[in-house]
Amino acid sequence: MTDSDFFLDDGYFETGHISALDGVHGELHFVYRPMIHADKEAYYELAKRADVAPTTAIATFVTRHLQEWSLARPIEVEQVERLRPRLLERLFYIVMGEIASDQEATDLKN
């Protein structure tokens, strides 16, 4: 185990992968800064505002934490909001630290 198994220091990034789900969404590779608890609190505060749509709150925080992704479109709230729902939810939960990134097929060979 390393220190990064327990702490999220400033400037720390992780690589992520979401496998394709036939008929639902394609494969996504990405680099992100995991949320710390203060980020989660800020998300919850934004999400409960009546003037902010739930999807906009999710897309706002995903956009803030994504460094790069394998898609041709820019990482912008308007683009993240257009992701297929299951893909956006998986991406959000990974960035939020609620679920782990999928393993790539090359990782499973070892």
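Descriptive notes on the structure:
- Gain in span if fully extended, A100 to A47, counting 0.36 nm per residue against the direct Cα distance: 16.8 nm
- For I58, I99, I75, the sequence from fewest to most other C-beta atoms within 10 Å is I99, I75, I58.
- Taking region 22-43 and a reference point 7 angstrom along Cα→Cβ of L71, the backbone N atoms nearer than 17 Å belong to 22-33.
- For region 68-84, putting each phi into the Karplus relation 6.51 cos²θ - 1.76 cosθ + 1.60 with θ = phi - 60° gives couplings of 7, 8, 8, 8, 6, 7, x, 7, 9, 3, 4, 7, 4, 4, 8, 4, 4 Hz, in residue order, rounded to whole numbers and with x for Gly and Pro.
- Pair T15, M1: separation of 7 Å Cα→Cβ label points (nm): 2.5 nm
- In sequence order, calculated HN-Hα J values of region 42-48 (Karplus, 6.51, -1.76, 1.60; Hz; x Gly/Pro): 5, 4, 4, 5, 5, 5, 8
- Extension gain, R84-L8: 0.36 nm per intervening residue step, less the Cα-Cα distance, totals 24.5 nm.
- Mean projected area of the convex hull spanned by the Cα atoms of the chain, taken over all viewing directions: 8.0 nm².
- Residue-by-residue Karplus 3J(HN,Hα) for region 6-23, coefficients 6.51, -1.76, 1.60, Hz, glycine and proline x: 10, 10, 10, 7, 4, x, 7, 10, 10, 9, x, 8, 10, 5, 5, 10, 3, x
- Those GluC sites (Glu not before Pro) in region 17-110 that DSSP places in a loop and that have at most 14 other beta carbons within 10 Å: E27, E76, E98, E104
- The residues neighbouring S4, those whose beta-carbon lies less than 15 Å from its own, together hold a net charge of -4 under the Lys/Arg +1, Asp/Glu -1 convention.
Readers should treat all values here as calculations from the given coordinates under stated rules, not as data from a laboratory. Note that this is a predicted model, so its numbers are computed, not measured. Here the Cβ is made from the backbone with ideal geometry for all residues, glycine too, and neighbour counts use every protein chain on show.
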